[in-house]
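The values are calculated or read from the model by the stated rules, or taken from the named source; none is laboratory data. These numbers were taken from a predicted model, which means no experiment stands behind them. Note: ideal-geometry Cβ built from the backbone for every residue, glycine included; neighbour counts use all protein chains shown. SASA here: full protein model, heavy atoms, side chains in, ligands and nucleic acids out. Shrake-Rupley method; radii C 1.70, N 1.55, O 1.52, S 1.80 Å.
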Amino acid sequence: MKRGTIGEFFKPATAKKPKYEASVRSSNHASYPFAIPHLPTPFSDQLGFAPEEEGKVMNDQLDLDMVYYQPYIPASMASGVFEFLRQELPFYRVQYTITRFGTPTQINTPRFTTVFGVDETSRFAEDGSIVDAKTGKKVEANRYKCVPRPIPQCLDVLRTLTEGTTGETFNFCLVNYYADGKDSISYHSDDERFLGPNPAIASFSLGAKRDFLMKHKPIAPKEGSAIEEPKAIKLPLGSGDMVLMRGRTQSNWLHSIPKRAGAEAGKGRINITFRKAMVKGGTENYYQYNVGTGGVFKWDAKKEKMVPWDKIADAVEERGNSGEAGPASS
């Protein structure tokens, strides 16, 4: 064991220096738990070179219509953007109850989530209020049970760029944080009615590499004819990669992010998806299952994990009262 003084042995851990310098400007809204810094200017400038690689069209199987960018976000900035979003966004660990066969079951979401946006029936005015998309008048107080939040600048920059690349339009941004290889999402398809027919979804990966698995939904056999089952797909999504799923993909294919072991298992991953909800049911659904009623979590760089935001705020206030300087990101 290396020799040292008692003071050195008990020296408190310090946060690693981030790969970005936080912007002095921020997105503010009454629905945010705290101000969200703008994307650092160097990152915004580098995004002008995105996509870094042309997308590979994948439409050689039944009902499959995808474009795979490997990567989309330039490699020179991908790790920095990951650190920035993990540090600066508010996250939630949603719990909810479902009833199956008359028995209520509590579900603990196996990842951290957050969401921003509002459906096509409404929009955010310049003052941050929600107005009717057709009339421009402020919406009635009971239109939404949830509290919709505008997409902050740091994510809206990427949304705008993605719309220009894909020719699609989006009004929602969902963000998932997988803390390690134990966090996962089971097979599912994003084919809810509120997304309309043949929805387009742009899905970005940042941080640890994780497998993206896809399989076709079961096909009912037709009398007198043999059906060749489409082959399963496995994409090793790296930091900066993007998958655009469109056409009949969502209504006919399932996708998942399984648990992972090995070298990447201890690393975090962020998934950003841009979507377009057509009716208010989409807004209610996204906020219920990605924000819920639980507390806010924020990344603690010293502890290197998500912790309840109120504890971070209390610690910063306590340091301020004692005359100690708090961390720059707080």
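What is the residue count in segment 105-135 for residues that are assigned to a loop (DSSP other than H, G, I, E, B), of a type in the set (A, V, I, L, M, F, W, C) and in contact (Cβ under 8 Å) with a residue 40 or more places away in the chain?
Taking segment 105-135 as the starting set, the residues that turn out to be assigned to a loop (DSSP other than H, G, I, E, B) are 109-111, 118-121, 125-129, 133-135.
Right, trim to of a type in the set (A, V, I, L, M, F, W, C) and you get 118, 125, 133.
Next cut, in contact (Cβ under 8 Å) with a residue 40 or more places away in the chain only: 118.
Residues that pass the stated criteria total 1.
Tell me which residues, restricted to segment 164-212, are more than 17 Å from the chain's Cα centre (by Cα) and either in a strand (DSSP E or B) or of a type in the set (Asp, Glu) (or both).
Matches in segment 164-212: GLU168, TYR187, ASP191, GLU192.
Output the number of the condition that LEU158 fails; it satisfies all remaining conditions of (1) open to solvent by 40 Å² or more (accessible area, probe 1.4 Å); (2) part of a helix (DSSP H, G or I).
The one condition LEU158 does not meet is (1).
Hey, could you check segment 261-297 for residues that are touching a Lys or Arg at 6+ places or on another chain (Cβ under 9 Å), at pLDDT 95 or above and over 30 Å from GLY196 (Cβ atoms) and say which is most open to solvent (accessible area, probe 1.4 Å)?
Out of the qualifying residues, it is PHE297.
Residue-wise test of (1) of a type in the set (Gly, Ala, Ser); (2) farther than 25 Å from LYS276 by Cα; (3) surrounded by fewer than 13 Cβ atoms within 10 Å (Cβ to Cβ).
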{"position": "GLY181", "(1), (2), (3)": "yes, yes, no"}
{"position": "TYR187", "(1), (2), (3)": "no, no, no"}
{"position": "ILE219", "(1), (2), (3)": "no, yes, no"}
{"position": "GLY247", "(1), (2), (3)": "yes, no, no"}
{"position": "ASN252", "(1), (2), (3)": "no, no, no"}
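Output the residue which, of all residues in segment 306-325 that are modelled with pLDDT under 95 and outside any helix (DSSP H, G or I), is most open to solvent (accessible area, probe 1.4 Å).
GLU324
When both residues are 6+ apart or on different chains and their Cβ atoms are under 6 Å apart, which pairs have a first residue that lies in segment 141-152 and is surrounded by 16 or more Cβ atoms within 10 Å (Cβ to Cβ), and a second that is of a type in the set (Phe, Trp, Tyr)?
Between residues of segment 141-152 that are surrounded by 16 or more Cβ atoms within 10 Å (Cβ to Cβ) and residues that are of a type in the set (Phe, Trp, Tyr), the close pairs are CYS146/TYR287; ARG149/PHE116; PRO150/PHE124; ILE151/PHE116.
Counting only residues that are part of a helix (DSSP H, G or I) and either out of contact with any Pro (no Cβ under 6 Å at 6 or more places or on another chain) or surrounded by 12 or more Cβ atoms within 10 Å (Cβ to Cβ) (or both), how many does segment 48-104 have?
So the count comes out to 15.
Only one of these conditions is not met by SER256: (1) surrounded by fewer than 17 Cβ atoms within 10 Å (Cβ to Cβ); (2) assigned to a loop (DSSP other than H, G, I, E, B). Which number is it?
Going through the list (1) surrounded by fewer than 17 Cβ atoms within 10 Å (Cβ to Cβ); (2) assigned to a loop (DSSP other than H, G, I, E, B), SER256 breaks only (2).
Given the options VAL296, VAL279, name the one that is touching a residue at least 40 places away in the same chain (Cβ under 8 Å) and either among the aromatic types (Phe, Trp, Tyr) or farther than 23 Å from GLY167 by Cα (or both).
The conditions single out VAL296.
Which of the residues belonging to segment 170-223 are within 15 Å of GLY117 (Cβ to Cβ) and aromatic (Phe, Trp, Tyr)?
Matches in segment 170-223: PHE170, PHE172, PHE194.
When the residues of segment 232-245 are narrowed to those that are hydrophobic (A, V, I, L, M, F, W, C) and either out of contact with any strand residue (DSSP E or B) (no Cβ under 6 Å at 6 or more places or on another chain) or surrounded by 22 or more Cβ atoms within 10 Å (Cβ to Cβ) (or both), which ends up nearest to LEU47 (Cα to Cα)? Walk me through it before giving the result.
Here is the first cut: in segment 232-245, the residues hydrophobic (A, V, I, L, M, F, W, C) are 232-233, 235, 237, 242-245.
If we keep only those that are either out of contact with any strand residue (DSSP E or B) (no Cβ under 6 Å at 6 or more places or on another chain) or surrounded by 22 or more Cβ atoms within 10 Å (Cβ to Cβ) (or both) as well, we get 237, 242-245.
Details: LEU237: 19, MET242: 14, VAL243: 17, LEU244: 18, MET245: 21 Å.
Only one residue fits best here, namely MET242.
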